[in-house]
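J.: Sending over a structure as structure tokens; questions will come in a sec.
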Amino acid sequence: MVSKREAPENLEVDSNSEIVTMNSTYDNQSVSTFSSREIFKKPRLDSYTKCTGLKLETNVFLNFPFQLFEINNLKDEFTFENGAFHSVECTQNNYNLTSANSDINQSCYYVKYNTNFKSILKRSNEIPKFTNHSFMTYLQLKQELDEKNTKINSQKLETLNLRRSNITLNNQLSDYKRFKILVSQNDIPRIHVLVKSCIKSNYGINGIIEKIKQAIAGSYKPKGYGQKDIDLAILVLRIGGPRLLYTFNKLNQLPSSSLVNKALNTTMNIELSYSKTISEMVLINMSKFFDENGFDRFYSIKIDEIAISPKIRWSPGNNEILGFCFNHKFNIKSYSFDSWVKLVELKNKYQKNEIHLCKEALVITLSRISNTDIIPRPILVLPICCHSNENLISNSIKIIIETFERICPDGQILNVATYGDPNRRVALNLLRKPNETFISL
């Protein structure tokens, strides 16, 4: 038999087999079989016989500052093995349990009450503001790096915004330089009106520059006039008449006659109703004329026809439907907007050609003959579908003269002015009495 103590040096043992082979020069050789586990058998240590140590709920590798172990020489107080903290006593005893009623030694349990351990654990949760990086945990370092990256990205964004703002400001400065060059090198008519109009329309500097270029090329003429322009236009109108004002307006120097008349408050509300007679309308309009302008000595009557858009209108004051000719108003009883039946009746009359849409209007005006007021005011407006006949004109002028004599007994109508339309000549001749010359053609 060969024992473990007498085993020669050339003994070969296969730990995975049950046979032990031996090569020897002894005289009486013999071979015995025995297990290798029996030769190198160690004491069996079950897992429950080991101390589990103090474990933390968080990830220790990320949330615990191990740098403080070496700096504060804490290895003499406790250690960290296999994801848990052990006391030095437990480490020296090879992590063996001293009590069968617990899975952790009492010395390891009291590690969490250690002053140094508590301070380190506190710093793993929250650290002072200006703590050095060497005293931080890995998670704290990661958070610090994330904050730094966020700040860097925000600063990059601010830098890009500032760069863009600088580019925009430089472009605006160059645009203002272009504006100054265009204004200084070109004679632009009514430049202040052009700029004011552009600002009112919320144009930027580039839009103003484009309008100035169009004004220089002659394709754009700024509109809008101040009080000085209107006063000058009134002076031109009274000295040179409407033709001279029209010429200045085409040269883009003065406002038009319509704007001048509007500035002079020449507009007035004209009474127009199919339910009233010509005498009633003339009386109402002439009373308004004298109420607004007062009485004078000499007056003039003017007659003309104007083109109007043939369409139906509704007058809220009289609640009437306007737009049909005055010549055939007697073909229907009433033009009042009473019901839907009335509209159907008007439609049927229009389709039967019994009433017509007016295309023109006969306008008879009254004006003072003086050096201060030459603008006529309408006294009678009659919508017509064709040229007015001589009887309508003659009757209208006769009514106006009679009404004038009642309202202004001290005044006198010196003339009736119109152009040489044959119907109007006949109408005026119908009014002439023997030895009367107050009407001039």
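J.: Out of (1) part of a helix (DSSP H, G or I); (2) at pLDDT below 90, what's the single condition that is false for Pro128?
T.: Unmet for Pro128, out of (1) part of a helix (DSSP H, G or I); (2) at pLDDT below 90: (1).
Residue by residue, here is whether (1) in contact with a strand residue (DSSP E or B) (Cβ under 9 Å, 6 or more places away or on another chain); (2) surrounded by 12 or more Cβ atoms within 10 Å (Cβ to Cβ); (3) modelled with pLDDT of 75 or more; (4) among the polar types (S, T, N, Q) holds:
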{"site": "Ile355", "(1), (2), (3), (4)": "yes, yes, yes, no"}
{"site": "Glu360", "(1), (2), (3), (4)": "yes, yes, yes, no"}
{"site": "Val363", "(1), (2), (3), (4)": "yes, yes, yes, no"}
{"site": "Ile374", "(1), (2), (3), (4)": "yes, yes, no, no"}
{"site": "Ile397", "(1), (2), (3), (4)": "yes, yes, yes, no"}
{"site": "Phe404", "(1), (2), (3), (4)": "yes, yes, yes, no"}
{"site": "Ile413", "(1), (2), (3), (4)": "yes, yes, yes, no"}
{"site": "Val416", "(1), (2), (3), (4)": "yes, yes, yes, no"}
{"site": "Val426", "(1), (2), (3), (4)": "no, yes, no, no"}
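J.: Give the residue that is modelled with the highest pLDDT, with candidates limited to residues of region 281-324 that are charged (D, E, K, R) and within 25 Å of Lys359 (Cβ to Cβ). Before you say what the answer is, go through the steps one by one.
T.: Just the residues of region 281-324 that are charged (D, E, K, R), to begin with: 288, 291-292, 296-297, 302, 304-305, 311, 313, 320.
Retained after the next criterion (residues that are within 25 Å of Lys359 (Cβ to Cβ)): 302, 304-305, 311, 313, 320.
On the way: Lys302: 86, Asp304: 83, Glu305: 82, Lys311: 76, Arg313: 74, Glu320: 76.
Going through the qualifying residues, I end up with Lys302.
J.: Something else now. Using the structure shown, decide if Gln172 is in contact (Cβ under 8 Å) with a residue 24 or more places away in the chain and more than 15 Å from Lys211 (Cβ to Cβ).
T.: Details: in contact (Cβ under 8 Å) with a residue 24 or more places away in the chain: yes; more than 15 Å from Lys211 (Cβ to Cβ): yes.
Taking the combined requirement at face value, the residue satisfies it.
J.: Going by the conditions given, is Leu141 out of contact with any Pro (no Cβ under 8 Å at 6 or more places or on another chain) and at pLDDT 75 or above? Let's see the steps before the verdict.
T.: Details: out of contact with any Pro (no Cβ under 8 Å at 6 or more places or on another chain): yes; at pLDDT 75 or above: yes.
Taking the combined requirement at face value, the residue satisfies it.
J.: Do we find a residue being among the aliphatic types (A, V, I, L, M), surrounded by fewer than 10 Cβ atoms within 10 Å (Cβ to Cβ), within 30 Å of Pro376 (Cβ to Cβ) and outside the structural domain of Arg368 (by TED's automatic domain parsing) anywhere in region 223-236? First the steps, then the outcome.
T.: Looking only at region 223-236, we keep the residues that are among the aliphatic types (A, V, I, L, M), and these are 230, 232-236.
Right, trim to surrounded by fewer than 10 Cβ atoms within 10 Å (Cβ to Cβ) and you get none.
No, region 223-236 contains no residue that is among the aliphatic types (A, V, I, L, M), surrounded by fewer than 10 Cβ atoms within 10 Å (Cβ to Cβ), within 30 Å of Pro376 (Cβ to Cβ) and outside the structural domain of Arg368 (by TED's automatic domain parsing).
J.: Please work out if Tyr246 is among the aromatic types (Phe, Trp, Tyr) and closer than 30 Å to Asp175 by Cβ.
T.: no
J.: Just to be sure, is Ser388 at pLDDT 80 or above, polar (S, T, N, Q) and either touching a Gly at 6+ places or on another chain (Cβ under 7 Å) or surrounded by 15 or more Cβ atoms within 10 Å (Cβ to Cβ) (or both)? Working first, answer last.
T.: Numbers: at pLDDT 80 or above: no; polar (S, T, N, Q): yes; either touching a Gly at 6+ places or on another chain (Cβ under 7 Å) or surrounded by 15 or more Cβ atoms within 10 Å (Cβ to Cβ) (or both): yes.
No: the conditions fail for Ser388.
J.: Residues in region 232-261 that are of a type outside the set (A, V, I, L, M, F, W, C) and in contact with a helix residue (DSSP H, G or I) (Cβ under 6 Å, 6 or more places away or on another chain): how many? Please lay out each step first, then the result.
T.: If we filter region 232-261 for residues that are of a type outside the set (A, V, I, L, M, F, W, C), which is where we start, we get 238, 240-243, 246-247, 249-250, 252-253, 255-258, 261.
From what is left, the residues that are in contact with a helix residue (DSSP H, G or I) (Cβ under 6 Å, 6 or more places away or on another chain) are 242, 255-257.
Residues flagged as of a type outside the set (A, V, I, L, M, F, W, C) and in contact with a helix residue (DSSP H, G or I) (Cβ under 6 Å, 6 or more places away or on another chain) within region 232-261 amount to 4.
Residue-wise test of (1) surrounded by 12 or more Cβ atoms within 10 Å (Cβ to Cβ); (2) touching a helix residue (DSSP H, G or I) at 6+ places or on another chain (Cβ under 8 Å); (3) over 13 Å from Pro222 (Cβ atoms); (4) at pLDDT below 90.
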| position | (1), (2), (3), (4) |
| --- | --- |
| Lys151 | no, no, yes, no |
| Leu160 | no, no, yes, no |
| Arg163 | no, no, yes, no |
| Ser174 | no, no, yes, no |
| Ser184 | no, no, yes, yes |
| Arg190 | yes, no, no, yes |
| Val193 | yes, no, no, yes |
| Cys198 | yes, yes, no, yes |
| Asn202 | no, no, yes, yes |
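The values are calculated or read from the model by the stated rules, or taken from the named source; none is laboratory data. Remember, it's a predicted structure, so these values are computed and weren't measured experimentally. Glycine also receives a Cβ, built like all others from the backbone with ideal geometry; neighbour counts cover every protein chain displayed.
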